[in-house]
Amino acid sequence: MTIDERLDKLTERHEALSQSIELLTLDVRELTGEVREHGRQILENSKQIARLGEMFEKLLGIVESHHNRLDNLEGA
């Protein structure tokens, strides 16, 4: 194999690697965008879950208050 043939093979390999890197870079950019969007969705879901937790705590307080009221009425 001559030096020119070797250089041609190396050039072909280099071009193939460059194309692969370009495709991988595009995939990484796309995935990065998706991860950011999922992160935003997770943050929003976490906020909603926290709000639900607060609402359940308030509801539990109301239920306990009514339960105590009923106990007081029954005991009277």
Subset of segment 1-37, residues assigned to a helix (DSSP H, G or I) and aliphatic (A, V, I, L, M), comes to Ile3, Leu7, Leu10, Ala16, Leu17, Ile21, Leu23, Leu24, Leu26, Val28, Leu31, Val35
**OP:** Say whether the condition of being outside any helix (DSSP H, G or I), surrounded by fewer than 10 Cβ atoms within 10 Å (Cβ to Cβ) and either at pLDDT 95 or above or among the aliphatic types (A, V, I, L, M) (or both) is met by at least one residue in segment 68-76.
**Re:** yes
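The values are calculated or read from the model by the stated rules, or taken from the named source; none is laboratory data. No experiment lies behind these values; they were computed from the predicted model shown. Cβ coordinates were reconstructed from backbone atoms using ideal geometry, including for glycine residues, and neighbour counts include every protein chain displayed.
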